[in-house]
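This report refers to the structure that appears directly beneath it.
The values are calculated or read from the model by the stated rules, or taken from the named source; none is laboratory data. Keep in mind that this is a model prediction, so the values were computed, not measured. Note that each Cβ is placed from the backbone with ideal geometry, even for glycine, and that neighbours are counted across all protein chains shown.
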Amino acid sequence: MTLSERADALEKQLSDDLDRTIPVRAPLYTSGDRDPRQPLEIKSDAPEFAGKKFNMGHDARLPKMPDKPTLTDFFELRMGPATHLLQSATHALKAGCDEKIVMACLVHDIAVSMFIRGDHGYWGAQLLEPYVAEEVSWAIRAHQTLRFFPDEKYGYVYPELYVKFFGADYEVEPYIKRNYEKIRNHKWYETARLITVNDIYSFDKTMSVSMDPFRDIIARNFKQPEEGLGWDDSPSSHMWRTINWPTRFL
Ligand SMILES: [Fe+2]
Ligand SMILES: [Fe+2]
């Protein structure tokens, strides 16, 4: 097949898949746009759904993941250009940080970029826990809290951006304050603090970044499962599967 024949075949396959399956959004993604107290109606009898089945796997509108997806595949196929993560990791690398800090910076906001924003430190840590050093996932969970607390010793001040985003009068919730008390004297405090230090300067739109400097660091610091992320029966496999197949009916 020529390249254009192959492109045509792919497009036909996509439209066939879309003709056959109905992708469905989780209630979480529509709550607020929809009143969650109202019954969640799935109009399976609607005429536009005639002859179709609900999607139970890949969503035909998304780029297909390889059968054994790696962390890099998720970066390339389920996130935007991941500029913020790559910039943070680049800062850490240039500052001469330990490799595990560079790794932590590279994935610290992975939940914001491809999964769930609220409590992103907690979601991100849970996603990564089976595959990275305990210190790295601990620090990712903790960075969410530490970003709200300045630390002169590391030259870290409360982000201007947060004043702009959340208002000058925004105050963190009690659970964040409690968490701060728990982690401020922890043996891995510095690891989490360094994520925030490399994080704050990383919204520069002009800085060009690439995944290349981090491929070896990922290989050494991320235990890529042989079966592929999502198919390895780890405690967070289901989360990777949901990112891969976000509109699966059940
Ligand atoms: Fe973050
Ligand atoms: Fe960040």
Residue satisfying condition, being over 18 Å from Trp240 (Cα atoms), touching a Gly at 6+ places or on another chain (Cβ under 9 Å) and surrounded by fewer than 18 Cβ atoms within 10 Å (Cβ to Cβ), within set Asp33, Asp19: Asp19
Check on Asp59, charged (D, E, K, R) and surrounded by 13 or more Cβ atoms within 10 Å (Cβ to Cβ): yes
Yes/no for His91 being modelled with pLDDT of 95 or more and either of a type in the set (Phe, Trp, Tyr) or at negative phi (or both): no
Cross-chain or 6+ apart pairs with Cβ under 6 Å, region 80-94 first and in a helix (DSSP H, G or I), then surrounded by fewer than 19 Cβ atoms within 10 Å (Cβ to Cβ): Gln87/Met207
Flag for Leu62 being outside the structural domain of Cys105 (by TED's automatic domain parsing), farther than 30 Å from Leu194 by Cα, part of a helix (DSSP H, G or I) and aliphatic (A, V, I, L, M): no
Residues satisfying the stated conditions in region 85-119, i.e. within 13 Å of ligand 1 (Cβ to nearest atom) and under 8 Å from the mean Cα position of the chain (by Cα): Val107, Asp109, Ile110, Ala111, Val112, Ser113, Phe115, Ile116
Answer from Tyr122, Tyr154 - the residue that is loosely packed, with under 15 Cβ neighbours inside 10 Å and in contact with a Lys or Arg (Cβ under 6 Å, 6 or more places away or on another chain): Tyr154
Scope region 216-245; condition in a helix (DSSP H, G or I) and of a type in the set (Phe, Trp, Tyr); matching residues: Trp240
Members of region 63-79 found to be without any contact (Cβ under 8 Å) to a residue 60 or more places away in the chain and among the aliphatic types (A, V, I, L, M), listed by number: Leu77, Met79
